[in-house]
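Undergrad: Before I ask anything, let me first share the structure, which is written out below as structure tokens.
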Amino acid sequence: MAQTEPATNTRLKVSIERMTEHDLLEVVEIEKTCGLSPWGWDSYHRELSSGPHAVMLVARIKDEQGVFVDENKIAGFIVSRVIADELHINNIAVRPECQKMGIGTRLLRAALADGAGRRALMAFLEVRASNGPAQKLYERCGFRTAGRRKGYYRDPAEDALIMSITLRSRP
């Protein structure tokens, strides 16, 4: 499923690939660096091993010649899952030094396309009510606020906004 597209505002390219077990240490490192609610290696491994419903992707940056930058290091990741006819986005993160390059957008769009290809009609996610940059990313990709979950997050305690997007119409 590797896709390579130009990154925004740079001459670098972004390669989106399926996550493997070999990626998990870096995924956990990015999770910690970005301050996500911790899943940890075991949870990501369980999800990766859970079968065909998991949609787990990583992004790597390539230079103009198509050579991976920074020793093939992962720039970002997304973890989602198709449940019935819905795609649930669980986690998305991009290394701080790789942000503002369109990587989050590429990851999200690739996961949405994958979910639609698996017959998902809608996609859903939760985002911290205070996380304006993430909300803007989701809105740029077509998500709209559908509701609020009071006290959803801990450490620190905070409400979550539920956001959704229609991927395709019912047959």
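Undergrad: Give, as ranges by residue number, the residues of the range 11-32 whose backbone N falls under 12 Å from the point 7 Å along Cα→Cβ of N131.
TA: So the set is 31-32.
Undergrad: Now, a different point. Please work out the C-alpha center-to-center distance from the range 30-44 to the range 125-156 and express it in whole Å.
TA: 18 Å
Undergrad: What do the square roots of 5 times the Cα gyration tensor eigenvalues come to for the chain, in whole Å, largest first, as semi-axes of the equivalent ellipsoid? Don't skip to the end; give the middle numbers.
TA: Numbers: eigenvalues 114, 70, 57 Å².
Working through the eigenvalues yields semi-axes of 24, 19, 17 Å.
Undergrad: Counting pairs of alpha carbon atoms under 8 Å apart in space and at least six apart in sequence, what relative contact order in percent does the range 3-166 give? Don't skip to the end; give the middle numbers.
TA: On the way: 309 pairs, mean separation 29.9, N = 164.
After rounding, I find 18 percent.
Undergrad: When the Cα atoms of the range 83-171 are enclosed in a convex hull and the volume is divided per residue, what value in Å³ results? Before the final figure, lay out the partial values.
TA: On the way: hull volume 8.9 nm³, N = 89.
Normalising the Cα hull of the range 83-171 by residue number yields 100 Å³.
Undergrad: Sort R46, R128 by Cβ crowding within 10 Å, fewest neighbours at the top. Write out the running numbers ahead of the final one.
TA: Working: R46 12, R128 17.
Listing R46, R128 from fewest to most nearby Cβ atoms yields R46, R128.
Undergrad: Still on this structure, I have one more. Toward the positive end of the charge dipole of the chain, about the Cα centre and with charges on Cβ (Lys, Arg +1; Asp, Glu -1), which of V127, N91, P52 goes farthest?
TA: Value computed over the given set: V127.
Undergrad: Follow-up question, since we're still on this one. What's the exposure ranking of D85, D114, D155, going from fewest to most Cβ atoms within 10 Å?
TA: On the way: D85 14, D114 20, D155 8.
Taking fewest neighbouring Cβ atoms as first place, the list is D155, D85, D114.
Undergrad: Rounded to the nearest 20 Debye, what is the dipole magnitude of the chain about its Cα centre when Lys and Arg each give +1 and Asp and Glu each give -1 at the C-beta? Mind dumping the intermediate values first?
TA: On the way: 25 positive and 22 negative charges, 154 e Å.
So the magnitude is around 740 debye.
Undergrad: Please order D159, D23 by the number of other Cβ within 10 Å, starting at the fewest. The partial results should precede the final answer.
TA: On the way: D159 14, D23 20.
So the residues, fewest neighbours to most, are D159, D23.
Undergrad: A further question on this structure: As a check on your grasp of the helix formula, calculate [θ] at 222 nm for the chain: sum -39500 (n - 2.57) over DSSP H runs of n ≥ 4, divide by the residue count, round to the nearest 500. Walk me through the numbers on the way to the answer.
TA: Numbers: 4 runs with 44 residues, N = 171.
Calculated at 222 nm, the ellipticity per residue is -8000 deg cm²/dmol.
Undergrad: Let me ask something else about it. Considering only DSSP beta bridges where both residues belong to the chain, give the percentage that are antiparallel (nearest 5). Mind showing how you got there, number by number?
TA: Values: 39 of 43 bridges.
Within the chain, antiparallel bridges account for around 90 percent of the total.
Undergrad: What FRET efficiency, computed as 1/(1 + (r/R0)^6) with R0 = 25 Å and r the Cβ-Cβ distance, is obtained for I83 and C141, rounded to the nearest 0.05? Spell out each step's value before the answer.
TA: Details: r = 20 Å, r/R0 = 0.79.
With R0 = 25 Å, the Cβ-Cβ based efficiency is 0.80.
Every read-out reported here was derived from the displayed coordinates using simple, explicitly stated rules and does not represent laboratory data. Given the structure is predicted, the values throughout are model-derived calculations rather than measurements. Counting neighbours? That spans all protein chains shown, and the Cβs are built from the backbone with ideal geometry, glycine included.
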